Amino acid sequence: MAKETMKRPSSRKSASKRSESAAPAASGKRRKVSRKKAAQKKKRMIIFGVEIVALLALLIGFYVVWQMDKLQEPQQAEGGIEVNEGLSEEAQQTMSGYTNIALFGLDTREAGQLGKGNRSDTMIIASINNDTKEVKLVSVYRDTYLDLTNGRYNKANGAYSAGGPDQAVNMLNRNLDLDIQYYVSVDFAALTETVDLLGGIMIDVDESEIEHLNNYTVETSEVTGVETEKLTETGYQLLDGVQATSYCRIRYTAGDDFKRTERQREVILEIANKAKEADITEINDIINAVFPMVATNYTNGQLLEMAPQLLEYDIVDTVGFPFDRETGTISGKGSCVIPVNLESNVIQLHEYLFGNDGYTPSQQVQDISDQIVSDTGYDVEEDTSADAGGSAAEE
């Protein structure tokens, strides 16, 4: 009995030792399993997170493309966009570092109608330096006497009416030795809506402008269907969409159409600055409201590629074209802005936009320049004409 009594504690002690020695091993195994499971869980969470981000990016991409599908794409004219064959290799190489876009503001009384049959009330060349992201704006005066691309000479804004945006772009390329491949067309309603959705823009309205601005708000409100109030004082103040659009249309002050294009470029500059401060919700509202009133030949892919860069662009300078000009009445055409002469103005334009000193215009531009001199009697050395006089009339 005594032996049995002595053996039991010994047996229990041995069992206890075995149990104690086995416990750490099991615990270590469990810890290894737990760590493995945690690592697998963490990996799954990372993969899941990446999938969520990718899915969101995909959805955003689809959304943006869907929004861009609202853009109008007027039918292109036969032959598409053309440039002068006589452009020198040096000129082509220089211009390859720039993206040139034609901006057309249409004088249409029916919102969203952006094809041919409408005169381009505004024609602006936006030239973007691809390296510096600096932008220069050049307003081509709408009454400028030019070749409309078909051998017919008339006011420049007639090109859009005759053949839509393609012919208008070709007119600019042909007369100015440019390589513009893209355009964006808008109307009164699009401009009004954009300014309103940005919360208005600040403009300094002077004494000579306020009465005309208020008069234009009547028609602008009728065309856009947007109500506004008349300004009661001059000075630097916040303009709503109708007021800003009406400001762009003023043409009865000193400077006529030349001053009017300055106002248009001023408004574009203010819109660009205000858009840089807008949040994603405001930009989305603008896309929803304005894109159906915009026509362009940019593809969705091109717009998506450009979008991230837009906030980097800075408008650094603006000017009107032609630089050297006269106004004169041309039989059957009315009062026109006459380049004096076109060839010398194109030389100045290429120097201004591309820093191309000593530019030699193509033979096409030289021929057009000679024809304008023949039709009007105006040349660099001779500024007289039998039927010249008055100021450029606005239609």
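Scanning the range 225-274 for residues that are modelled with pLDDT under 95 and over 22 Å from Leu106 (Cα atoms) turns up Ala254, Asn273, Lys274. Can you tell me how many residues within the range 174-197 are under 17 Å from the mean Cα position of the chain (by Cα), assigned to a helix (DSSP H, G or I) and acidic (Asp, Glu)? The total comes to 1. The single residue among Leu311, Leu304 that is in a helix (DSSP H, G or I), of a type outside the set (Gly, Ala, Ser), touching a helix residue (DSSP H, G or I) at 6+ places or on another chain (Cβ under 8 Å) and over 27 Å from Thr261 (Cβ atoms) turns out to be Leu304.
Conditions (1) crowded, with 19+ Cβ neighbours inside 10 Å; (2) of a type in the set (A, V, I, L, M, F, W, C); (3) not in a helix (DSSP H, G or I), marked per residue:
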{"site": "Asp285", "(1), (2), (3)": "no, no, no"}
{"site": "Ile315", "(1), (2), (3)": "no, yes, yes"}
{"site": "Thr327", "(1), (2), (3)": "yes, no, yes"}
{"site": "Asn345", "(1), (2), (3)": "yes, no, no"}
{"site": "His350", "(1), (2), (3)": "yes, no, no"}
{"site": "Gln371", "(1), (2), (3)": "no, no, no"}
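Scanning the range 95-121 for residues that are among the β-branched types (Val, Ile, Thr) and at pLDDT 90 or above yields Thr99, Ile101. Checking each residue in the range 240-264 for being in contact with a Gly (Cβ under 7 Å, 6 or more places away or on another chain) and of a type in the set (Phe, Trp, Tyr) picks out only Phe258. Within the set of pairs 6 or more residues apart or between chains, which connect a residue that is at negative phi inside the range 204-221 to a residue that is assigned to a helix (DSSP H, G or I) and surrounded by fewer than 20 Cβ atoms within 10 Å (Cβ to Cβ) with Cβ atoms less than 8 Å apart? The qualifying pairs do not exist here.
Here Asp240 meets the list (1) farther than 18 Å from Thr318 by Cβ; (2) among the charged types (D, E, K, R); (3) open to solvent by 60 Å² or more (accessible area, probe 1.4 Å); (4) touching a residue at least 12 places away in the same chain (Cβ under 8 Å) almost entirely, failing just condition (3). Selection of the range 142-173 for residues being of a type outside the set (D, E, K, R), open to solvent by 10 Å² or more (accessible area, probe 1.4 Å) and part of a loop (DSSP other than H, G, I, E, B) yields Thr149, Asn150, Gly151.
The values are calculated or read from the model by the stated rules, or taken from the named source; none is laboratory data. Everything numeric here is computed off the predicted structure, so don't read it as measured data. Glycine gets a Cβ as well: all are built from the backbone with ideal geometry, and neighbour counts include every protein chain shown. SASA here: full protein model, heavy atoms, side chains in, ligands and nucleic acids out. Shrake-Rupley method; radii C 1.70, N 1.55, O 1.52, S 1.80 Å.
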